[in-house]
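The values are calculated or read from the model by the stated rules, or taken from the named source; none is laboratory data. Source: prediction; values computed, not measured. Positions of Cβ are generated from backbone atoms using ideal geometry, with glycine treated the same way; all protein chains shown enter the neighbour counts.
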Amino acid sequence: MISLESYMIVSSAVFCLGLYNVMTRRNAVAILMGIELILNAANINFIAFNRFNGLPILDGHIMSVFVIVLAAAEAAVALAIIINLYRNIGSVDVDDARTLKG
Amino acid sequence: MSEIVFYIISSLIFLSCVGVCTSRNLVHSAVCLFFALFLIAGLYIMLYADFLAAVQVIVYVGGILVLIIFGVMLTNRLEKPSIDISSFNQLTAALLCIFLFGIQCYAILNGNWVNVDYPPTENTSLEIGRLILSKHLLPFEIISILLLGVLIGAATIARKKR
């Protein structure tokens, strides 16, 4: 039987790689990919805890559905902002986005 | 049998995530992200979350990933031959992440977790639908309003200014 700890270690590895991606990338779209990985790691943890808590409830699944909805909303708004950034300063490098003037 | 499948899926998830982090080409990163999300859906099936695996494939692979690839295509100049991306601070970030992973592994392996193998729910979509419309009705309504706001907001932000 696969234990809860194995799932948590997989989730922790996905989280750390997503964090590494967010910290090292300069391209805004690549940073968005790292954030998606981090949200997926949280989802794995929610479902694994729900599976192994010994109760016949599915509240963890509901939380995961909400996380997926929030991830979709976040991706849509972030890409709208990135496209606007590209239109204004001509690149999607987050180091170039330093001015507050529109 | 299921252990072997779990280890195969987990190592492939790890490799795909490493590919997302290390690939120099942004489109390759997006393809690696596709594999990672798809394999995580496989992990959900191993956890008996069939509804969530379907939602993961539909929303992440079918929606968010297409959106991300659109973002890659729309925000790169066509004069440049390859859509390269630069990375920085790699050593510091790698050390920090390995340190964090070590702490997390230590906490996971020494924690006192409830680890009961309860027989899985027969029909998770039935139970999820029941819970959404009874116990979690208020968050459900709030999130539908949020989705409406995101729909209008994203269209407004991305519109061409004149």
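Within region A:4-46, the residues that satisfy the criterion of being touching a residue at least 40 places away in the same chain (Cβ under 8 Å) and more than 15 Å from the chain's Cα centre (by Cα) are A:Leu4, A:Tyr7, A:Met8, A:Arg26, A:Asn27.
In region B:127-148, the condition of being out of contact with any Ser or Thr (no Cβ under 6 Å at 6 or more places or on another chain), outside any helix (DSSP H, G or I) and not aliphatic (A, V, I, L, M) is met by at least one residue. Against the test of being in contact with a His (Cβ under 9 Å, 6 or more places away or on another chain) and either under 26 Å from A:Ala97 (Cα atoms) or more than 8 Å from chain B (Cβ to nearest Cβ) (or both), the options A:Phe66, A:Phe46 yield a single qualifying residue, A:Phe46. Listed by first and then second residue, the pairs linking a residue in region A:61-87 that is without any contact (Cβ under 8 Å) to a residue 24 or more places away in the chain to a residue that is of a type in the set (Asp, Glu), with Cβ atoms under 9 Å apart and 6 or more places separating them unless they lie on different chains, are A:His61/B:Glu127. Of all the listed residues (B:Val27, B:Val18, B:Val31, B:Val55), the sole one being surrounded by fewer than 15 Cβ atoms within 10 Å (Cβ to Cβ) and either within 7 Å of chain A (Cβ to nearest Cβ) or over 12 Å from the mean Cα position of the chain (by Cα) (or both) is B:Val27.
If you go through region A:73-102 and keep only what is under 16 Å from A:Ala30 (Cα atoms), aliphatic (A, V, I, L, M) and facing chain B (nearest Cβ under 7 Å), you end up with A:Ala75, A:Ala76, A:Val77, A:Leu79, A:Ala80, A:Ile81, A:Ile82, A:Ile83, A:Val92. Looking across A:Phe66, A:Phe46, one residue alone is under 24 Å from B:Leu126 (Cβ atoms), in contact with a Ser or Thr (Cβ under 7 Å, 6 or more places away or on another chain) and at pLDDT 90 or above. It is A:Phe46.
Here B:Ile85 meets the list (1) surrounded by fewer than 18 Cβ atoms within 10 Å (Cβ to Cβ); (2) at pLDDT below 90; (3) over 27 Å from B:Phe6 (Cβ atoms) almost entirely, failing just condition (1). Filter region A:45-67 for residues that are within 17 Å of B:Leu43 (Cα to Cα) and charged (D, E, K, R) and give the result. Selection gives A:Arg51 alone.
Screening A:Leu58, A:Leu37 for residues that are touching an Asp or Glu at 6+ places or on another chain (Cβ under 6 Å) and at the interface with another protein chain (Cβ under 7 Å from one of its Cβ atoms) leaves exactly one candidate, A:Leu58. The set of residues in region A:60-102 being among the acidic types (Asp, Glu) and either touching a Phe, Trp or Tyr at 6+ places or on another chain (Cβ under 8 Å) or exposed (fewer than 15 other Cβ atoms within 10 Å of the Cβ) (or both) consists of A:Asp95, A:Asp96.
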